[in-house]
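The values are calculated or read from the model by the stated rules, or taken from the named source; none is laboratory data. Since this is a predicted model, take the numbers as computed values, not measurements. Every residue, glycine among them, receives a Cβ derived from its backbone with ideal geometry; neighbour counts consider all protein chains shown.
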């Protein structure tokens, strides 16, 4: 069993900030090759990014979600795809920490282990002696090309009880990878599909996902009662994701102001864009939206962390608000990016210009089923109106 000195939030954020130049340097390569550059992966590992949700007893940092938000926001300033993959790894790593301790011993025996995953039950599982057999396909598996394990979700049919979703830990070597990631946004994430064909999963690597969604914990004795594991899955996933979105908006702001001193407004009398009142209104509006997005990101992470420390039960309204806060971050960040993108002129459409990539990445994020602002706002409003949620993912 390992122990480690856990860096402070400030130290981890500083490490992430120091990675921005290398992430920006490799961003175009990542888009063209539809995967994260190995140099970026190694840089993330060296900075301890893959340890943020690993239990301390395995040499991890076991940080709170506020730290995840602030670290991802720095990574997102460098490259949205890289930040997205890092933040996705944090969620299945947290999920893996709910499995029995001897299972965790195996998973976390790999230094800087990377675990990808999904919440979509697009596969089927059948009972078998000593476990289950899984067949099916999962799409949008960000980081699969760099992972050793995947958390899969399947519907268990047969045996005792009604069909129900389960989550299981599967070595990537047991799955097939379909190179089908051809997209307009978040191209560098390499979010390919994975396929299981008669994959046997031992029973100790299978959990009922319903209990995890409800925050009833898993089968780990060592992690029981530890603050970061005292939360339902969806608030944890929401708080783990929003930092990347915030970082994309800050990256758009960086890109805009970097070009501003040399830009004019073509076919007008403004020889400097910075002198135009419309520019003043645009940058003020966009920056305020980023500030508002940051408020929702920190309110969300603050709720998750406070509840975890207190071990307090979650109300239905709080869980719905966690999704609403995530949706608000996505909406406001996209609005800010759209303003900076619109103000960047025709020359900004060249592929080497970061702003056009950021605009496509933020659009892709806003289309994500669990992050879509409209879906999350409707869910929150439904609960506020006294209705039952129409989803298990809350």
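Looking only at the range 263-273, decide whether some residue is surrounded by 18 or more Cβ atoms within 10 Å (Cβ to Cβ) and either closer than 17 Å to residue 338 by Cβ or touching a strand residue (DSSP E or B) at 6+ places or on another chain (Cβ under 9 Å) (or both).
So far as the range 263-273 goes, no, none of its residues is surrounded by 18 or more Cβ atoms within 10 Å (Cβ to Cβ) and either closer than 17 Å to residue 338 by Cβ or touching a strand residue (DSSP E or B) at 6+ places or on another chain (Cβ under 9 Å) (or both).
Could you say which residue among 313, 255, 249 is closer than 21 Å to residue 68 by Cβ and either part of a helix (DSSP H, G or I) or under 28 Å from the mean Cα position of the chain (by Cα) (or both)?
249
Only one of 239, 222 is closer than 30 Å to residue 312 by Cβ, in the same structural domain as residue 364 (by TED's automatic domain parsing) and touching a residue at least 24 places away in the same chain (Cβ under 8 Å). Can you tell me which?
Sole residue among the options that is closer than 30 Å to residue 312 by Cβ, in the same structural domain as residue 364 (by TED's automatic domain parsing) and touching a residue at least 24 places away in the same chain (Cβ under 8 Å): 239.
Please go through (1) over 21 Å from residue 65 (Cβ atoms); (2) within 20 Å of the chain's Cα centre (by Cα); (3) crowded, with 22+ Cβ neighbours inside 10 Å for residue 392 and return the number of the only condition it doesn't satisfy.
Status for residue 392: all satisfied but (3).
Say whether the condition of being within 17 Å of the chain's Cα centre (by Cα), touching a residue at least 12 places away in the same chain (Cβ under 8 Å) and in the same structural domain as residue 201 (by TED's automatic domain parsing) is met by at least one residue in the range 167-177.
No: the range 167-177 contains no residue that is within 17 Å of the chain's Cα centre (by Cα), touching a residue at least 12 places away in the same chain (Cβ under 8 Å) and in the same structural domain as residue 201 (by TED's automatic domain parsing).
May I ask you to list the residues in the range 129-147 that are assigned to a loop (DSSP other than H, G, I, E, B) and in contact with a strand residue (DSSP E or B) (Cβ under 8 Å, 6 or more places away or on another chain)?
130, 142, 143, 147
Say we look at the range 114-128 and pick out the residues that are surrounded by fewer than 24 Cβ atoms within 10 Å (Cβ to Cβ) and assigned to a strand (DSSP E or B); which of these is farthest from the chain's Cα centre (by Cα)?
128
Report the residue count in the range 38-56 for those that are surrounded by 19 or more Cβ atoms within 10 Å (Cβ to Cβ) and either in contact (Cβ under 8 Å) with a residue 60 or more places away in the chain or part of a helix (DSSP H, G or I) (or both).
Counting residues in the range 38-56 that are surrounded by 19 or more Cβ atoms within 10 Å (Cβ to Cβ) and either in contact (Cβ under 8 Å) with a residue 60 or more places away in the chain or part of a helix (DSSP H, G or I) (or both) gives 9.
Identify, from the list 164, 146, the residue that is within 17 Å of residue 194 (Cβ to Cβ), surrounded by fewer than 24 Cβ atoms within 10 Å (Cβ to Cβ) and either in the same structural domain as residue 62 (by TED's automatic domain parsing) or touching a helix residue (DSSP H, G or I) at 6+ places or on another chain (Cβ under 7 Å) (or both).
146
Would it be correct to say that residue 357 is buried (at least 23 other Cβ atoms within 10 Å of the Cβ), out of contact with any helix residue (DSSP H, G or I) (no Cβ under 6 Å at 6 or more places or on another chain) and at pLDDT 95 or above?
In short, yes.
Which residue out of 291, 204, 285 is surrounded by fewer than 22 Cβ atoms within 10 Å (Cβ to Cβ) and outside the structural domain of residue 365 (by TED's automatic domain parsing)?
From the options 291, 204, 285, the qualifying one is 204.
Scan 351, 347 and give me the residue that is in a helix (DSSP H, G or I) and at pLDDT below 95.
Sole residue among the options that is in a helix (DSSP H, G or I) and at pLDDT below 95: 347.
State all residues of the range 183-220 that are out of contact with any strand residue (DSSP E or B) (no Cβ under 7 Å at 6 or more places or on another chain), over 19 Å from residue 155 (Cα atoms) and part of a loop (DSSP other than H, G, I, E, B); if no residue qualifies, say none.
Hits for the range 183-220 are 183, 184, 185, 186, 190, 215, 216, 217, 220.
Identify, from the list 93, 118, the residue that is touching a strand residue (DSSP E or B) at 6+ places or on another chain (Cβ under 6 Å) and at pLDDT below 95.
After applying the criteria, what remains is 118.
Looking at the range 170-182 only, could you name the residues that are outside any loop (DSSP other than H, G, I, E, B) and closer than 26 Å to residue 365 by Cα?
172, 176, 177, 178
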